[in-house]
Amino acid sequence: MDSKLSIKRLKAIQPATNACITIFDEPMQAMKDGPLSTWSVAVKDNISIKGELTTAGTAILANYRPPFHATVIQRLLDQGVSMVAKTALDELGMGGSGLNSFHGIVRNPLNLDYQAGGSSSGSAAIMAAKAVDMALGTDTGDSVRKPASFCGIVGIKPTYGRISRYGVIPYASSLDHVGYFTHNVKDGAIALEVMAGYDPKDPTSIAQPLEAFSHLLSDDLKGKHIGIFKNVVDHIHDERTKALLHQLIEKIETAGGNVSWISLDETLLKAMLPTYYVLANGEASSNHANLNGLHFGVQQAGDDITEIMEHSRTKGFSRAVRKRMVMGGYGLLQAHQEAIYFKALKIRRLLVEALDQALEDVDVLVAPATSSKAFLINGESNDPLSLNHLISENFMVLGNFSGYPSMTIPMGNIDDLPIGINITAKAFDEKGMFMIAYALEQLIDYQAVQEVV
Ligand code: GLN
């Protein structure tokens, strides 16, 4: 879409949604006749654009302007896209609601009383409001695939290392992925072909080339094997979600696809979220040790170096983030490593082995991305110890533990708000995942909810 119109639209929806941290006055475009020169793109505010505020949603980085572009930004600029905005996120990517940022809360443009999801909240919200063609996010636990469900858009996390993380402010490096939102599966495939690729500046980036497949997408499901993740479905309480899933299964079978129900060990799955928190918070506490007012970040006064660091971190981080740092650091202490951190690493391996087994006889594993539509901003929160929360609401972390490609597409609407279906494939099989996602997209024929702003 026209980038000036995009900026106008972003400004118009900002008072109601608070989705952006910076809206550019003029689009940033490196070339006018690139293959993607009609695309307006917004970027989560933890991804570096040279010279532009890049706050990662945290007060301690409220004035940070990187002196370089992230590799993914450079790759997109080289294709001619126009960058138009930096979007709001849960502080340092920590959260799933869009309610935890120094910048204030993000509202869902489809119904302002509801969350947009997180942590890539602003990117998802502006996509739902049709203000840009694509928005970048990051996904450490589900931060692209969950807001995609709440906002009725496509949210993609490719294989770990597929898109360079150079220039992306980390959360937990072994789980962090650059992900992104598009309006349809085909655009998602086109964008991946451009963004994927080895980057010598990112030691975790992978050299395996990505075969171009966006021109091959077809609605043919014959011979495809689709596994339905039974444990996730079992712990969903909303019958309307299950009804949408069963409608989809019927359509898949009518179209000639094979459907089977797959169960993973439930005890192992119950440990999934605690394991995620031990690992993610542990890595975060180490990654962010340099946000201390001396190396990086807004400096607060103090009588000595320790006091400067203490004051800078106390003032610079929210209580929720400080709690995560403390919990993460606790597991890493030498005295606790064996009982907490190393144990979590072992459970991560067991979960990945279980996922491998689940994927052995199917092309993809599929489940509703969230139990229901978005949560109310001022509503009750989920019981953190329920199986619904531990399994159905958080199973997508398996995609981060394994690094396997995983994406969410819209499945339908509940009470005039969207809900998505998640599709996870084997490592490096983005092609297989997109083929099925495209076919499902045609079967679902999603009717988007009209935005209210
Ligand atoms: N909601 C998860 C968390 O709070 C995932 C966040 C993410 O993927 N960045 O950590």
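The values are calculated or read from the model by the stated rules, or taken from the named source; none is laboratory data. Please read all numbers here as calculations on a predicted model, not as lab measurements. With ideal geometry, Cβ positions are generated from the backbone for all residues, glycine too; neighbour counts draw on all protein chains shown.
Laid out as a table, the results:
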quantity	calculated
Output for the stretch 215-235, where each listed residue is over 17 Å from I423 (Cα atoms) and surrounded by 12 or more Cβ atoms within 10 Å (Cβ to Cβ)	L216, D234, H235
Answer residue from the stretch 374-433, given it is within 16 Å of the ligand (Cβ to nearest atom) and aromatic (F, W, Y) and is farthest from the chain's Cα centre (by Cα) among those	F375
V178 vs. criteria touching a residue at least 24 places away in the same chain (Cβ under 8 Å), within 16 Å of the ligand (Cβ to nearest atom) and closer than 23 Å to V41 by Cα	yes
Number of the condition not met by K32 [criteria: (1) modelled with pLDDT of 95 or more; (2) assigned to a loop (DSSP other than H, G, I, E, B); (3) surrounded by fewer than 24 Cβ atoms within 10 Å (Cβ to Cβ)]	(1)
Selection from the stretch 378-425 of residues that are hydrophobic (A, V, I, L, M, F, W, C) and without any contact (Cβ under 8 Å) to a residue 12 or more places away in the chain	L385
Residue under evaluation A369, criteria (1) without any contact (Cβ under 8 Å) to a residue 60 or more places away in the chain; (2) within 16 Å of the ligand (Cβ to nearest atom), criterion not met	(1)
Top-ranked residue of the stretch 39-57 - restricted to ones that are in contact (Cβ under 8 Å) with a residue 60 or more places away in the chain and of a type in the set (A, V, I, L, M), ranked as nearest to the ligand (Cβ to nearest atom)	A56
Cβ-Cβ under 6 Å pairs, at least 6 apart or on other chains, the stretch 331-349 side basic (K, R), far side surrounded by 10 or more Cβ atoms within 10 Å (Cβ to Cβ)	R348/T275; R348/F401
Matching residues in the stretch 161-175 - criterion: being in a loop (DSSP other than H, G, I, E, B), away from the ligand (no atom under 11 Å from the Cβ) and among the hydrophobic types (A, V, I, L, M, F, W, C)	I163, I169
Failed item, numbered, when V278 is tested on (1) under 27 Å from D415 (Cβ atoms); (2) within 16 Å of the ligand (Cβ to nearest atom); (3) of a type in the set (A, V, I, L, M, F, W, C)	(1)
Single match in K186, K242, K201, K251 (criterion: part of a loop (DSSP other than H, G, I, E, B), touching a helix residue (DSSP H, G or I) at 6+ places or on another chain (Cβ under 7 Å), more than 16 Å from the ligand (Cβ to nearest atom) and not aromatic (F, W, Y))	K201
Close pairs from the stretch 268-282: first more than 15 Å from E393 (Cβ to Cβ), partner small (G, A, S) and within 12 Å of the ligand (Cβ to nearest atom), Cβ under 7 Å, at least 6 apart	L279/A172; A280/G141; A280/A172; N281/G328; G282/G328
Every residue from the stretch 5-28 that is in a strand (DSSP E or B) and surrounded by fewer than 17 Cβ atoms within 10 Å (Cβ to Cβ)	D25, E26
Flag if Y180 is among the hydroxyl-bearing types (S, T, Y), out of contact with any Asp or Glu (no Cβ under 8 Å at 6 or more places or on another chain) and either at pLDDT 95 or above or under 15 Å from L76 (Cα atoms) (or both)	yes
Test: L440 is assigned to a helix (DSSP H, G or I) and within 15 Å of the chain's Cα centre (by Cα)	no
Test: residue in the stretch 258-267 that is within 24 Å of the chain's Cα centre (by Cα) and either basic (K, R) or modelled with pLDDT of 95 or more (or both)	yes
Tally of residues being surrounded by fewer than 24 Cβ atoms within 10 Å (Cβ to Cβ), within 24 Å of W39 (Cα to Cα) and out of contact with any Lys or Arg (no Cβ under 7 Å at 6 or more places or on another chain) across the stretch 142-181	2
